[in-house]
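Enquirer: Next up is a structure, given as structure tokens.
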Amino acid sequence: MRSILGVLYPGEMGSSIGAGLVQAGHRVLWASAGRSDATAKRAIDAGLVDVGTVDRLVAQCDVLFSVCPPHAATEVAMAIRGFHGIFVEANAVSPRTVRDIAKSVGSAGASVVDGGIIGPPTQPSTAGQTRLYVAGPQAPAVARLFDSTPVDVRVVDGELGAASALKMAYAAWSKGTAALLLAIRALARTSAVEPDLLREWDVSLPDLPGRSLQAGRSAATKGWRWIAEMEEIADTFADAGLPDGFHRAAAEIYRRSPRLDQTGAAVLETVIEAVRHPDGADRR
């Protein structure tokens, strides 16, 4: 059976999910009202059909996928109140946030599926490159939508929030340790031992110079999206009775990071200086 699906909103990750659904033979809609030209281009390239407004999207779809920056997840969910199909909350948010969203949109008639995406924000070129973890009573139905597509959908046993817990645990390492590396480089530079640290890394931890360079690039190009994600991860730790300070600090590192387009080696220098001096003042 082919369903009419919708994506809120086709950013880099959302458009890749949408493209997979189009490949499976589904009609996939999106709403262009208030969206950028870049978003429109991604949607067109992915084969999505524009219906203009969110209200029209809600009225026509059987299943809606929310794929947006985590700080906007609740606002996006509130915009589809009155939707009576399956709402896939596939953002990088805490289990608590998912349950709060499910309580709100569920009371208005939607069936909520908890989702967590792991993989690069590009259209998968090989099977399994992007994994979508889903949980909840309707999770198997959502998984079947992706049959014969490169998107690997895996159903997580457990209550609503289990898929998001997995995503939070994964990103706690992948993005949390990137922030830690930037903080370490900033500390070493402020303490005037950065060259010594880099020489020691070359001997004992030779992958860390390259990883810190990648961390700087990621912070400059995507760090603004990760501030709220780190805060959601911190909430997840706190709700589990675990220390949450690691990722509160990571959120602050990304908050201090500049938003840049360049990806060359010089970007790391800019990010480290911004982490050291968020107000532009030398604090040594």
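The values are calculated or read from the model by the stated rules, or taken from the named source; none is laboratory data. Just so we're clear, the structure is a prediction, and the values are computed from it rather than from any experiment. All Cβ positions, even for glycine, are placed from backbone atoms using ideal geometry, and neighbour counts span all protein chains on display.
Enquirer: Test each condition in (1) more than 18 Å from MET168 (Cα to Cα); (2) in a helix (DSSP H, G or I); (3) not aliphatic (A, V, I, L, M) for ARG259 and report the one that comes out false.
Expert: Checking ARG259 against (1) more than 18 Å from MET168 (Cα to Cα); (2) in a helix (DSSP H, G or I); (3) not aliphatic (A, V, I, L, M), the one that fails is (2).
Enquirer: In this structure, does CYS68 turn out to be crowded, with 24+ Cβ neighbours inside 10 Å and in the same structural domain as LEU132 (by TED's automatic domain parsing)?
Expert: Values: crowded, with 24+ Cβ neighbours inside 10 Å: no; in the same structural domain as LEU132 (by TED's automatic domain parsing): yes.
Taking the combined requirement at face value, the residue does not satisfy it.
Enquirer: For residues in region 3-35 being aliphatic (A, V, I, L, M) and in contact (Cβ under 8 Å) with a residue 60 or more places away in the chain, which is farthest from VAL153 (Cα to Cα)?
Expert: At the first step, the residues of region 3-35 found to be aliphatic (A, V, I, L, M) are 4-5, 7-8, 13, 17, 19, 21-22, 24, 28-29, 31, 33.
Okay, now just the ones that are also in contact (Cβ under 8 Å) with a residue 60 or more places away in the chain, so 5, 7-8, 13, 17, 19, 21, 24.
Numbers: LEU5: 16, VAL7: 17, LEU8: 19, MET13: 15, ILE17: 11, ALA19: 14, LEU21: 12, ALA24: 13 Å.
The selected residue is LEU8.
Enquirer: Restricting attention to region 42-51, does a residue exist that is on the phi > 0 side of the Ramachandran plot and surrounded by fewer than 24 Cβ atoms within 10 Å (Cβ to Cβ)? Give the derivation first.
Expert: Initial filter on region 42-51 (on the phi > 0 side of the Ramachandran plot): 47.
Keeping just the survivors that are surrounded by fewer than 24 Cβ atoms within 10 Å (Cβ to Cβ) gives 47.
Yes; the residues of region 42-51 include at least one that is on the phi > 0 side of the Ramachandran plot and surrounded by fewer than 24 Cβ atoms within 10 Å (Cβ to Cβ).
Enquirer: For region 159-168, indicate whether the set of residues that are surrounded by fewer than 19 Cβ atoms within 10 Å (Cβ to Cβ), modelled with pLDDT under 95 and not aliphatic (A, V, I, L, M) is non-empty. Break it down stepwise before answering.
Expert: Initially, region 159-168 is screened for residues surrounded by fewer than 19 Cβ atoms within 10 Å (Cβ to Cβ), giving 159.
From what's left, modelled with pLDDT under 95: 159.
After this cut, where a residue has to be not aliphatic (A, V, I, L, M) as well, the list is 159.
Yes, region 159-168 contains at least one residue that is surrounded by fewer than 19 Cβ atoms within 10 Å (Cβ to Cβ), modelled with pLDDT under 95 and not aliphatic (A, V, I, L, M).
Enquirer: Does THR149 fit the bill of being modelled with pLDDT under 95, polar (S, T, N, Q) and more than 19 Å from the chain's Cα centre (by Cα)?
Expert: So THR149 fits the description; yes.
Enquirer: Could you list, ordered by first residue, the pairs with Cβ atoms under 7 Å in which the first is in region 170-198 and surrounded by 18 or more Cβ atoms within 10 Å (Cβ to Cβ) and the second is among the aromatic types (Phe, Trp, Tyr), at least 6 apart or interchain?
Expert: Filtered contacts from region 170-198: LYS175/TRP226; GLY176/PHE246; ALA179/TYR254.
Enquirer: Scanning region 158-169 for residues that are over 20 Å from THR130 (Cα atoms) and either assigned to a helix (DSSP H, G or I) or touching a residue at least 24 places away in the same chain (Cβ under 8 Å) (or both), which turns out nearest to the chain's Cα centre (by Cα)? Talk me through it step by step, then tell me what you get.
Expert: In the first step, residues of region 158-169 are kept if they are over 20 Å from THR130 (Cα atoms); the result is 158-160.
Those still in the list that are either assigned to a helix (DSSP H, G or I) or touching a residue at least 24 places away in the same chain (Cβ under 8 Å) (or both) too: 159-160.
Numbers: GLU159: 21, LEU160: 18 Å.
Ranking the candidates gives LEU160 first.
Enquirer: What number of residues within region 128-142 satisfy the criterion of being of a type in the set (Val, Ile, Thr) and either more than 13 Å from PHE65 (Cα to Cα) or at pLDDT below 95 (or both)?
Expert: Initial filter on region 128-142 (of a type in the set (Val, Ile, Thr)): 130, 134, 142.
Filter again for either more than 13 Å from PHE65 (Cα to Cα) or at pLDDT below 95 (or both), leaving 130.
Residues meeting the conditions: 1.
Enquirer: Now a separate question. Which residue, of ALA238, ALA228, is surrounded by fewer than 18 Cβ atoms within 10 Å (Cβ to Cβ), part of a helix (DSSP H, G or I), of a type in the set (A, V, I, L, M) and assigned by TED's automatic domain parsing to the domain that holds ALA186? Spell out the reasoning first.
Expert: Numbers: ALA228 fails: surrounded by fewer than 18 Cβ atoms within 10 Å (Cβ to Cβ).
Selected residue: ALA238, the only one of ALA238, ALA228 that is surrounded by fewer than 18 Cβ atoms within 10 Å (Cβ to Cβ), part of a helix (DSSP H, G or I), of a type in the set (A, V, I, L, M) and assigned by TED's automatic domain parsing to the domain that holds ALA186.
Enquirer: Just give me the residues in region 130-155 being of a type in the set (Val, Ile, Thr) and touching a residue at least 40 places away in the same chain (Cβ under 8 Å), in sequence order. Steps first, please.
Expert: Step one: list which residues in region 130-155 are of a type in the set (Val, Ile, Thr), which gives 130, 134, 142, 149, 151, 153, 155.
Answer for region 130-155, where residues must be of a type in the set (Val, Ile, Thr) and touching a residue at least 40 places away in the same chain (Cβ under 8 Å): THR130, VAL134, VAL142, THR149, VAL151.
Enquirer: Quick one: which strands (runs of 3 or more DSSP E) lie wholly within region 1-119 and hold at least 3 residues that are at pLDDT 95 or above, under 18 Å from the mean Cα position of the chain (by Cα) and closer than 27 Å to ALA240 by Cα? Reasoning before the result, please.
Expert: On the way: elements: 4-8, 27-30, 63-66, 86-89, 111-118.
Answer list for region 1-119: 86-89, 111-118.
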